[in-house]
Amino acid sequence: MLLSRLNNRLGRACVLALALAALAAPAPAAETAKAKSPVPAKTAVLLVTFGSSHAGALDQVRLIEPEVRAAHPGVEVAWAYTSAKVRQIMAQRGEKLDSPQEALAKLQARGFTRIVVQSLHVIPGAEFHDLVQEAQAFAHHGKGTRVVIGWPLLSDTNDLQALARIMLRAAAPGRQPDQALVWVGHGTHHPAGVAYPALAHALSQVDQRAYLGTVEGYPSFDDVLGQLKASGVKAIKLMPLLTVLGEHSKQDIAGDDADSWKSRLSAAGFTVTTDLTPVAGYSGARDLWLGHLAKAMRELQAEKSGQAKKAHATK
Ligand code: CO
């Protein structure tokens, strides 16, 4: 309920972005349109992730790029990174990473006038909201560039249930019969943080020994520890629910320091094994993102044929 209300609000934010994009668009060239079908404008997909400064952290999320190309032949694919801190660290190492605004400006300069901005975040939280605002601002000043935003992994209750099944499938290989599954997501103070307990509920409905906590939010470590103790399980498979394999996975979840999830669960008497495959390494999760992208591409097409309002209302 909360989540769906939130989604409605977010939906309006996206529609506003699109409405601004439509306002900024020039009138169609009627004379050429009458003569023949208009030449399809150059279309690009901007894939946007938080980023990471850890070597190899993005290997799994990058698997989505060839999948985007296969699903949308001929489309241009670019990347942007929402973490200013990650961009700064990488710049000091001599690797320039684009912010969403920079990447959008570059695409526009290269003549791409139709762009889907596909969020590769997990929840529609603060990172996603900032991205929507940036895309909005760009569309407003974009001199006719049309921008549609693709939703993050968890955009509605169907995604919750689908992701729960995907996670359980991904965790099945090598799982001991008595082993509980514990995922750890990021967590947030943002209202969209309600997605985490909602996903925990969806997981528990499929498997009573599947749990979800967060590094910085609710459910907390203590919440999950209480559930594990009450369940009577002794062995745990510990996994991240994060797009990339970075600091949170290597330190906060599976690090050797005493305050990591692995150390604290071990200290509490559980036998802990870890699998640090990031969520972008689950092919089913990438399929969920690709589904959101396909929907955004359809909205872009619908705008072309003057059905923008109808298409946006179907979220
Ligand atoms: Co963090």
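The values are calculated or read from the model by the stated rules, or taken from the named source; none is laboratory data. Just so it is clear, the model here is predicted, and its values are computed rather than measured. Note: ideal-geometry Cβ built from the backbone for every residue, glycine included; neighbour counts use all protein chains shown. To get the accessible areas, we keep the full protein, side chains included, count just its heavy atoms, and leave off ligands, DNA and RNA. Shrake-Rupley method; radii C 1.70, N 1.55, O 1.52, S 1.80 Å.
Summing Lys and Arg as +1 and Asp and Glu as -1 over all other residues whose Cβ lies under 15 Å from the Cβ of residue 77 gives a net charge of +3. For residue 183, nonlocal amide neighbours, meaning residues 5 or more places apart or on other chains whose placed amide H falls under 5 Å from its own, are 211, 212, 213, 239. For segment 86-241, the spread of Cα coordinates along the three principal axes comes to 60, 37, 30 Å, biggest extent given first. Among 259, 159, 207, the sequence by solvent-accessible area, most first, with a 1.4 Å probe is 259, 207, 159. Restriction of the trypsin sites (Lys or Arg not before Pro) in segment 33-130 to DSSP coil positions whose beta-carbon has at most 13 other beta-carbons within 10 angstrom yields 36, 93, 96, 110. Relative contact order of segment 56-198: 19 percent, from C-alpha pairs under 8 Å at least 6 residues apart in sequence. Roughly how far apart, in whole Å, are the Cα centres of segment 184-234 and segment 67-105? That distance is 31 Å.
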